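For reference, the structure is listed below as structure tokens.
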Amino acid sequence: MPEGHTLHRLAAQLEENFIGRPWRVSSPQGRFEAGAKRLTDRVPERAQAWGKQLFVHLGPDIWQVHLGLYGAFSFRGDSSFTAPATLGAPRVAAEEFTPSYAEDDWIIPQPATGAVRARIHVHNGWADLRGPARCAVLNPMQYEAIIARLGPDPLQQPVGETDTRLLEQFRSNLARRRISIGAALMDQAVIAGVGNIYRAESLFEEGVSPDTPANELRGAAVTALWERLTEQLRTGFAEGIIRTLRPEAPELGARGGDLRLRRHWVYQHQGTPCLRCGATIAERELQGRRLYWCPGCQPLPAATARS
DNA sequence: CATCGATGTTTAA
DNA sequence: TAAACCTCGATGC
């Protein structure tokens, strides 16, 4: 589920399995051959996530990966290579296999199946990247240009802390935009890492209408929205899935048990009663993406309501 | 076997 | 605002 939390998990996973070790990079599919050739047989120094962007630093070269809608990494290795089967868009779980080793003691990877853009390989395992929207080698200037276009990422804050500098950047980014908060949360220059699910679920939990003009949100509401997104993204990072609805939520009472498998308050629940107020959850298209909200819990503020 | 849709972004019109 | 792009599982005939 590649919203920001997935990319931070990915960066942590790459740090664990790949950083500080020589790696081999290839492009079985062929569409990243030049980049793979440049990166292979070197030692990656740092993996970094910022919003939905992933960067791996190797001296002045930076490997940039953006998963887009359906990009994913899959991991395989021996028992010393601890990694989930996949990170990113949903993929089928890998089957068991018995590791074997080459003369140099490197694990022998299985043949790539399907469209593997990039394969990264260390002595005890490997990862395959499929379907990314971007997979490129950047120079420092190109990297800086991309970073400059990204807003603050709530996951840049140390766990348990609020970085007021980042919060104030979010606040001023909203104040300068004449678009709705629903549109603003999807703009990676306003806040980095939020996607369609976190947009819907954070606005619902804060009781904010997606149609509220971004520059009319009150100060306290901006702070609360930032804190809410921080909490939701941190939970997603810790658990590896986006779950904003919990069976033990007080609003659910005895219904919680029946709702164990439901993860979201409003995302993809249009046409059904809101679990908080009973109003029918609404859905429409906004800037080419589906927008979900509860008209009962998220009314337009009276001052800006249209007649 | 064909079509659709998805957690996203960029480019063109 | 629309189309293009990247991939694959689910759905439908």
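Count of the stretch A:1-45 residues, restricted to those that are without any contact (Cβ under 8 Å) to a residue 24 or more places away in the chain and charged (D, E, K, R), is 4.
In the set (1) buried (at least 18 other Cβ atoms within 10 Å of the Cβ); (2) touching a strand residue (DSSP E or B) at 6+ places or on another chain (Cβ under 7 Å); (3) within 30 Å of A:Arg199 (Cβ to Cβ), the condition left unmet by A:Ala115 is number (1).
Screening A:Pro132 with (1) more than 15 Å from DNA strand B (Cβ to nearest atom); (2) in a loop (DSSP other than H, G, I, E, B); (3) not hydrophobic (A, V, I, L, M, F, W, C) gives one miss only, at (1).
Among all residues of the stretch A:74-85, there is at least one that is open to solvent by less than 70 Å² (accessible area, probe 1.4 Å) and basic (Lys, Arg). The single condition among (1) assigned to a loop (DSSP other than H, G, I, E, B); (2) modelled with pLDDT under 95 that A:Asp104 does not satisfy is (2).
Checked against (1) in contact with a helix residue (DSSP H, G or I) (Cβ under 7 Å, 6 or more places away or on another chain); (2) touching a residue at least 60 places away in the same chain (Cβ under 8 Å); (3) open to solvent by 40 Å² or more (accessible area, probe 1.4 Å), A:Arg228 meets all criteria but (2). For the stretch A:246-259, the tally of residues that are surrounded by 10 or more Cβ atoms within 10 Å (Cβ to Cβ) and assigned to a loop (DSSP other than H, G, I, E, B) stands at 3.
Given A:Arg165, A:Arg171, A:Arg176, A:Arg199, which one is surrounded by 21 or more Cβ atoms within 10 Å (Cβ to Cβ), more than 16 Å from DNA strand C (Cβ to nearest atom) and basic (Lys, Arg)? Walk me through how you get there before you give the answer.
Details: A:Arg165 fails: surrounded by 21 or more Cβ atoms within 10 Å (Cβ to Cβ); A:Arg171 fails: surrounded by 21 or more Cβ atoms within 10 Å (Cβ to Cβ); A:Arg176 fails: surrounded by 21 or more Cβ atoms within 10 Å (Cβ to Cβ).
Sole residue among the options that is surrounded by 21 or more Cβ atoms within 10 Å (Cβ to Cβ), more than 16 Å from DNA strand C (Cβ to nearest atom) and basic (Lys, Arg): A:Arg199.
Per this entry, A:Asn215 is not counted among residues that are touching a Pro at 6+ places or on another chain (Cβ under 9 Å), without any contact (Cβ under 8 Å) to a residue 60 or more places away in the chain and part of a helix (DSSP H, G or I).
Of all the residues that make up the stretch A:20-64, how many are open to solvent by 20 Å² or more (accessible area, probe 1.4 Å) and more than 21 Å from the chain's Cα centre (by Cα)? Going through the stretch A:20-64 one residue at a time, the tally reaches 20. Just one of (1) open to solvent by less than 40 Å² (accessible area, probe 1.4 Å); (2) without any contact (Cβ under 8 Å) to a residue 60 or more places away in the chain; (3) under 22 Å from A:Glu3 (Cα atoms) fails for A:Cys274. It is (3).
The values are calculated or read from the model by the stated rules, or taken from the named source; none is laboratory data. Everything numeric in this text was worked out from a predicted model, so none of it was measured. For neighbour counting, all protein chains shown are included, and Cβ atoms are generated from backbone atoms with ideal geometry for every residue, glycine included. Accessible surface areas use protein heavy atoms only, side chains included; no ligands, DNA or RNA. Shrake-Rupley method; radii C 1.70, N 1.55, O 1.52, S 1.80 Å.
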